[in-house]
Amino acid sequence: MKIAIASSDYTAGLDAARPLTIVRKLNEPSTCRLWLTLAAGGALAVPQRNQSLAVTGDDGTVYFTGYLAVSPLPEYAGLGLAGPVYRLALEAVSDEILLDTQLLPPSAGTTGQTAGEIVQGLVTRTGSAALRTTGLGLSVPVSQFVPEPGAKWSELAGQAAAQGRAAYRAVSGALTMAQVGTTVHALNEADGTLALDGLTFTMTGTGADARALANDVTVCGAEEPVAYVTEYFLGDGVTLTFPLAELPYFGPAAGEKIIWEQFQEPGIDLRYWSYGAGELYYSITSAGLTIDGGTGIDGAAAFTWLDAVEAGGTLLLEAVGVTLSPGSTGTLAGVFSGVVQTSNCRAGFQVTSAEGTGAVSIAPLVGGVVAGPAYALTAGAQYTLRLRLHCPDVERIDQWYRVVGDAGLVAYGGGGTVATGLVQMEIEQFVDGVGSTPVVLYDGAAGYVPATYTVAVASSINLIGSIRSFYLKGLGTGWVSSTVPGGTAKTRRIGTVADAAECHLTRTGSLTFYTGNAPVVGEIVAVNYRTIGRAVGRAVNAADGPGSQAALAAVGAPPTAVWIGTVTEPKGRSSLDCRNAATALVTAASSVSAAWSGSYKTTNIALALTSETGGSGSDVWPGDALLLESASLDLSVQVAVRMVTLEYGASSPDLVRYAIEFSNDWANDLAIKTSRTVPADAWLPAAISPTYLANPTALVVTGITAAAVSVAANAVPPSGGGFEVRRRDFAFGLSTGAGTDVDLVMRSAVGNFDIPRATEADRFYVRMYDGNTPPNYSEFSVGLFVNLPLAS
């Protein structure tokens, strides 16, 4: 064994009184502890904190690389000829300590990236190039990754790797990552590679913590958006606050601040931003982000946010303090689907200049094309560009849940929601710090919006100017429009007064207009928002495998084995996520091998024999798998390695003792983190793997009178069914025809129908239903809340 500290050979100083010990844990830094005895006056200096440490076998196996985390601690070892003798206790942490010591900037998370891309992005956010990242090419998709605030790099890397059921490793100055079980160590009793006296199996918990067989799994998740509500109010010229019938869904408070950049650093912070053409065209000056020309090619000089932003809910993007010089061309404050090019711009501001004069104007870009008139800029003035985006579907990519069952690795989830959106774009001129009335450049449909946006501050063809600050905020799920008597509907700007907004929605359930923006007499206000529910899902293994309900009943055992809890990672953001998580967990929990856990003790010499019999060699890392095969035990199972402890006591040839701890998905949380806690508002029992029809989100109101609300569903009625209207949500399926219960208002077999009104505060919930018995329904309702008088 070779021990190198700061490139000096300390092998001869290893004190064999205590073994050199290396502890490796899954998706955590490794540690190495050893003791040295150095000759007085010798050539070897006392090691210092932060010096590098490498432990390498005589056969070239790299057991550990890292850095001394603390200063060596002296321990009295006895008396020598020259007086007291001390051994030095050293403890080192693996290479990722170089990243753990860096301050990570806050992040609202990213959506739709792979595990490798996320960990690579975490490295970028440290601002350190200390570790090579070419081994982070794992392309396993991760739907949404939100880093824990204040966590160290290794904790976040472990979080991202676990979501892909993968293991990261930092060795020899390089980061690598592979899915758990990629490397398999085959241990077989028949060929002598499995020593049964070194194999111990353990229980998976006792009492309340027991992880016993389960074939009926219920998973609870976060609060989720449920009904798609449009609520109507009538203005009187005075009222500023309108109470909503339901609480609007906002989501986590952390999602309100996605980008908050004031461009005040000495230089561009590459932990947040990237620019395609290098630093040639972008810099930070006293004016903020300064842009000085471009390549002349569309998309070649883009300045973009590193994280992919989920295109759900209501977003407000602002570029503040924009100044442009004559001759400028390019795109500002845009969101793109994929590569930053004009054709991929879902919404943004196109900058053009007139031939000859170079006078600059700005026009709205929607769906890659100019969608409104150009606005001419005044020389010397500053401008704020605002872009409000609305998509009623909040979760655009479902979470992935991965486990190993009897059939091997399976994954559930990862689907996406196809959705349309709305966009409002405006420009506001400032002269001497005083803002004028914002001018709306576009107010209308955005077409189908992608699942995620690439956010660009600028894409310069030849932009010359500056931007003082740049913001992207989440505003929940609200969107407000209004129609004055005899007029057409227009979007009301939502946000704060600083955003030049007209109104805002509160978490406590009200729509409030700012002074001077009260709806006039007869003005009809329409508020779109999502209501709040609790995500819950359930799955049952009725007949698949030895742990199923049918298999247990066949041997006279109680057929039902229940587990109820919460999935904490990946967070169940919707009931669909929870159903996918429940399906994954019931796959693991009813699997023969899912609850296996235990330990195996061996040596590097014994492990070397596995390579001669088709195994993978003499070193084992967390994330590897052990294939245990024993005829005498009737055993053939593959288990995941969670922790490896190595001990070496100065021998030749090297003799390294291994203590390997293993457990599979149900025995110990791996890619899915769980809690037995059940939220108080979770309504149980949940339905078992229900069949849902599409939500009728395309339904629109075509007219409102004192007698009825006329609607167009814009959807084909399901076979044998149609559209059911109720006064109470989540009460669908209680009857089979009109008049059988008080909540049922009506059913329609056609897409265009009138809903009869009864009061001045009507609430209607609409879902699709089909011809099955009992019928299947949409999962969520479209809510129509009409707070309008019954007489003109």
**Item:** Under the Karplus curve 6.51 cos²θ - 1.76 cosθ + 1.60, θ = phi - 60°, whole-Hz ³J(HN,Hα) for the stretch 54-64, x wherever Gly or Pro sits
**Value:** 10, 10, 10, x, 4, 8, x, 5, 8, 7, 7
**Message:** Before I look further, what does the stretch 552-606 give for accessible area per residue, probe 1.4 Å, in whole square angstrom?
**Reply:** 35 Å²
**Request:** Work through the residues other than Val586 whose Cβ is under 11 Å from its Cβ and net out their charges, Lys, Arg +1 and Asp, Glu -1.
**Result:** 0
**Message:** Let me cross-check Lys473: its accessible surface, 1.4 Å probe, with only protein heavy atoms counted, in Å² to the nearest 10?
**Reply:** 30 Å²
**Request:** Using θ = phi - 60° and the Karplus relation 6.51 cos²θ - 1.76 cosθ + 1.60, list the HN-Hα couplings for the stretch 271-285 in order, rounded to whole Hz, with x at every Gly or Pro.
**Result:** 6, 10, 10, 9, 9, x, 9, x, 8, 4, 10, 10, 7, 9, 10
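Mind ordering 128-134, 485-491 by average Cβ neighbours within 10 Å, highest first? Can you show the working numbers first?
Values: 128-134: 14.1, 485-491: 11.4.
Output ranking for 128-134, 485-491: 128-134, 485-491.
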**Item:** Proximal lysines to Lys571, defined as alpha-carbon separation beneath 29 angstrom and excluding residues fewer than eight positions away on the same chain
**Value:** Lys25, Lys152, Lys257, Lys473, Lys673
**Accessible surface, per residue, of the stretch 99-217 when the full set of protein chains is kept, probe 1.4 Å, Å²** = 42 Å²
**Request:** Mind jotting down the distance between the C-alpha centroids of the stretch 280-353 and the stretch 12-60, whole Å?
**Result:** 52 Å
**Request:** When a/c is below 1.5 the answer is rounded, else prolate if a/b is larger than b/c, else oblate, so apply that to the stretch 264-334 with a ≥ b ≥ c taken from the square roots of the Cα gyration tensor eigenvalues.
**Result:** rounded
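Plugging the Kirkwood radius over Cα pairs into Stokes-Einstein for the stretch 11-93, at a temperature of 10 °C and a viscosity of 1.306 mPa s, what D comes out in µm²/s? Present the calculation step by step, with values, prior to reporting the outcome.
On the way: Rh = 13.8 Å.
D, rounded to a whole number, is 115 µm²/s.
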**Prompt:** What base-10 log of the normalised intensity I(q)/I(0) is obtained for the stretch 485-582 from the Debye formula, alpha carbons as equal point scatterers, at q = 0.10, 0.21 Å⁻¹?
**Reply:** -0.57, -1.06
**Item:** Listed values (1) -0.68, -0.85; (2) -0.41, -0.55; (3) -0.50, -0.66, entry calculated as log10 I(q)/I(0) by the Debye sum over Cα atoms at q = 0.06, 0.07 Å⁻¹
**Value:** (3)
**Request:** Just read off the accessible area of Lys571 with the full protein assembly in place, 1.4 Å probe, to the nearest 10 Å².
**Result:** 100 Å²
**Message:** Considering the Cα positions of the stretch 323-397, please state its Rg to one decimal place and its Dmax as a whole number of Å.
**Reply:** 13.9, 48
**Request:** For every helix of n ≥ 4 consecutive DSSP H residues, a contribution of -39,500 (n - 2.57) applies; sum these over the chain, divide by its total residues, and give [θ] at 222 nm rounded to the nearest 500 deg cm²/dmol.
**Result:** -2000 deg cm²/dmol
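From the square roots a ≥ b ≥ c of the eigenvalues of the alpha-carbon gyration tensor of the stretch 44-194, which class results: rounded (a/c under 1.5), prolate (a/b over b/c), or oblate?
On the way: a/c = 2.86, a/b = 1.46, b/c = 1.96.
Oblate shape, in that a/c is at least 1.5 and b/c is the bigger or equal ratio.
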**Message:** With a 1.4 Å probe and all protein chains left in place, how much of the accessible area of the chain comes from carbon and sulfur atoms, in whole percent?
**Reply:** 56 percent
**Request:** Starting from the eigenvalues of the Cα gyration tensor, five times each then square-rooted, give me the equivalent ellipsoid semi-axes of the stretch 655-792, largest first, whole Å.
**Result:** 45, 17, 15
**Request:** Give the distance, in whole Å, between the Cα centre of the stretch 543-566 and the Cα centre of the stretch 628-661.
**Result:** 33 Å
**Prompt:** According to the square roots a ≥ b ≥ c of the eigenvalues of the Cα gyration tensor, what is the shape class of the stretch 217-371, taking rounded for a/c under 1.5, prolate for a/b larger than b/c otherwise, and oblate for the remainder?
**Reply:** prolate
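Just to confirm a number: summing +1 for Lys and Arg and -1 for Asp and Glu over residues other than Ser328 whose beta-carbon lies under 15 angstrom from that of Ser328, what do you get? All intermediate terms of the calculation are to be shown ahead of the outcome.
Working: positive: none; negative: Asp292, Asp298, Glu355.
Overall, the nearby charge balance is -3.
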**Alpha-carbon centroid distance for the pair the stretch 405-433 / the stretch 683-758, whole angstrom** = 28 Å
**Hz values of 3J(HN,Hα) by residue in the stretch 581-591 - Karplus curve (6.51, -1.76, 1.60), Gly and Pro given as x** = 5, 5, 5, 5, 5, 5, 5, 6, 5, 9, 7
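With a sphere of radius 11 Å drawn around the Cβ of Glu661, what net charge do the other residues whose Cβ falls strictly inside it have (Lys, Arg +1; Asp, Glu -1)?
Working: positive: Arg24, Lys25, Lys601, Arg642; negative: none.
Residues close to Glu661 contribute a combined charge of +4.
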**Request:** Keeping every protein chain in place, order Arg125, Arg169 by accessible area at 1.4 Å, biggest value first, i.e. largest first.
**Result:** Arg169, Arg125
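The values are calculated or read from the model by the stated rules, or taken from the named source; none is laboratory data. Predicted model, so just to flag it, every value in this text is computed and none were measured. Neighbour counts are summed over all protein chains in view; Cβ atoms, including those assigned to glycine, are modelled from backbone coordinates with ideal geometry. Heads up: the accessible areas ignore ligands, DNA and RNA and are worked out on the full protein's heavy atoms, side chains in. Shrake-Rupley method; radii C 1.70, N 1.55, O 1.52, S 1.80 Å.
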